[in-house]
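One structure below.
Throughout, read-outs are computed from the coordinates displayed, never taken from laboratory work. Note that the coordinates shown come from a computational prediction; the quantities given were computed from them, not determined experimentally. Cβ atoms come from the backbone with ideal geometry, glycine included; neighbour counts cover every protein chain shown.
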Amino acid sequence: MNTAPPDTAPPVSAPPVSAPHPLVDRFGRVHTDLRVSLTDRCNLRCTYCMPAEGPGWLARAEVLEDDEVVRLVRIAVERLGVRSVRLTGGEPLLRRGLAGLVERIAPLGVELSLTTNGIGLARTAAALREAGLGRVNVSLDTLRPERFAAITRRDRLGDVLAGLAAAKAAGLSPVKVNAVPVRGVNDDELVDLVSFAAGHGYRMRFIESMPLDAQGAWDRSAMVSAAEILAVLEERFDLVPVLRHGNAPAEEWRIAGTDAVVGVIASVTRPFCGGCDRVRLTADGQLRTCLFATAESDLRALLRGGADDAAIEAAWRAAVLGKGPGHAIGSADFVRPDRPMSAIGG
Ligand code: SAM
Ligand code: SF4
């Protein structure tokens, strides 16, 4: 199913009277969600994400300073109508002074969340909550220590589980667990992961693996599709569909008779490009309108070149007007983006 909008742009309707003017593209999609990558570095080496030696890192001077990140987020909120901000990476907990950054972004009035591998979260969850973080997604592909070490190339399962527990204890809500099922690697743990998450009050989400690994080894036949995931889960659980909220990428089901919710993000087999409301900022200040975009807009050059807020707003709007209708994974036209997921911000 292709849910991308048609390739002819309908007229964009007049914005509501309330300021700011929405960040709208040629297809009428309004962008209210900003993903901000705070670093491309990581302390894990998940096999579906990067090679053992790492993908090659940005130089420190290339990465935006806290003041630059805060300024861009402020422009996004005050001038472009962004309402939710997710901090990601690489591994965002590796960013020095993360709680201080959260403390500066939260008062801008956005729904503020974090996507992390959970290592270090046991130490930092309470301070992040205190600083204004609302919710957290923690990646966890397996509950088995040896398998965790094989998938991530680091023996750190205990740290991730402790991070999850600390996030919940700190009052971050919801706490979501993200897993990427890979055939023959962890696809026999779907039910165990759902049971684990349900038992701890976390929300389980499965993500179809995407051709965004740094080493270019993605193999569609190793991807476990949403249909396969659901078929396995339905054998064990009575799943009741949950009405999808707005432009949320996950399709969700409640396990009948419980509060437990499980989601599937089917970017490959059931793309949701037609409702996309996201823009992404890389750690080095490049604006991307899609994970799969092949072009970027250099906001860092504007920032460091002395541009005023209006000029940055204009560049941002121009980039979004150039956003394509959707990705073409699986079609002959598909071109892998130059940057891997870890350098874009997942
Ligand atoms: N390091 C943090 C983490 O792992 O949560 C944040 C960055 S990571 C790139 C964000 C999400 O992207 C994680 O849930 C990870 O599992 C997912 N991811 C990484 N590579 C992927 C791929 N090739 N296909 C699908 N999801 C991927
Ligand atoms: Fe690091 Fe996240 Fe990529 Fe794993 S998925 S290597 S934790 S950036």
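Here are the numbers for the structure shown:
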| read-out | value |
| --- | --- |
| Interchain or long-range residues, amide H under 5 Å from Ile207's placed H | Ala179, Val180, Ile265 |
| Dipole of segment 204-289, positive end: most advanced residue of Ile207, Gly263, His245 [Cβ charges, Cα centre] | His245 |
| Hz values of 3J(HN,Hα) by residue in segment 103-115 - Karplus curve (6.51, -1.76, 1.60), Gly and Pro given as x | 5, 8, 7, 3, x, 5, x, 9, 6, 10, 9, 9, 10 |
| Residues Asp284, Asp155, Asp259, sorted so that the one with the fewest Cβ neighbours within 10 Å comes first | Asp259, Asp155, Asp284 |
| Projected-area average for segment 140-223 over all orientations - Cα convex hull basis, square nanometres | 5.8 nm² |
| For the chain, built as a Gaussian network whose Cα springs stay under 10 Å, the top-fluctuating residue of Pro249, Pro145, Pro55 | Pro145 |
| Distance in nm between pseudo-label sites at Leu243 and Arg154 (7 Å out along the Cβ direction from Cα) | 4.2 nm |
| Unpaired by the 4.7 Å Cβ criterion, cysteines found in the chain | Cys42, Cys273, Cys276, Cys290 |
| Kirkwood-based shape ratio for the chain, expressed as Rg/Rh from alpha carbons | 0.94 |
| Residue with peak Gaussian network fluctuation, the chain [Cα springs, cutoff 10 Å], from Asn137, Asn178, Asn43 | Asn43 |
| Inter-label distance, nm, simple model (7 Å from Cα along the C-beta direction), Ala169/His200 | 1.2 nm |
| Size-normalised alpha-carbon gyration radius of segment 16-69, reference 2.2 N^0.38 Å | 1.74 |
| Fluctuation leader among Leu93, Leu230, Leu114 - the chain, Gaussian network, Cα springs under 10 angstrom | Leu230 |
| Stretch gain in nm, segment Ser331-Ala318, where the contour uses 0.36 nm per residue and the Cα spacing is subtracted | 2.0 nm |
| Under-5 Å amide H pairs with Met50, H placed in peptide plane, nonlocal only | Ala214 |
| Reciprocal mean inverse distance between Cα atoms of segment 137-295 - Kirkwood radius, Å | 16.9 Å |
| Within-9-Å neighbourhood charge of Leu112 [Cβ basis; K, R +1; D, E -1] | +1 |
| Ranked Arg183, Arg41, criterion: other C-beta atoms within 10 Å, fewest first | Arg183, Arg41 |
| Footprinting exposure proxy for Ser209, Ser267 (fewest neighbouring C-beta atoms within 10 Å first) | Ser267, Ser209 |
| For segment 73-225, radius of gyration divided by Kirkwood radius, i.e. Rg to Rh on alpha-carbons | 0.99 |
| Kirkwood hydrodynamic radius of segment 251-304, from inverse mean 1/r over distinct Cα pairs, in Å | 14.0 Å |
| Spin-label model distance (nm) - Asp66 vs Asp338, 7 Å beyond Cα toward Cβ | 3.1 nm |
| Ratio of Rg to Rh over segment 226-346 (Cα coordinates, Kirkwood Rh, two decimals) | 1.09 |
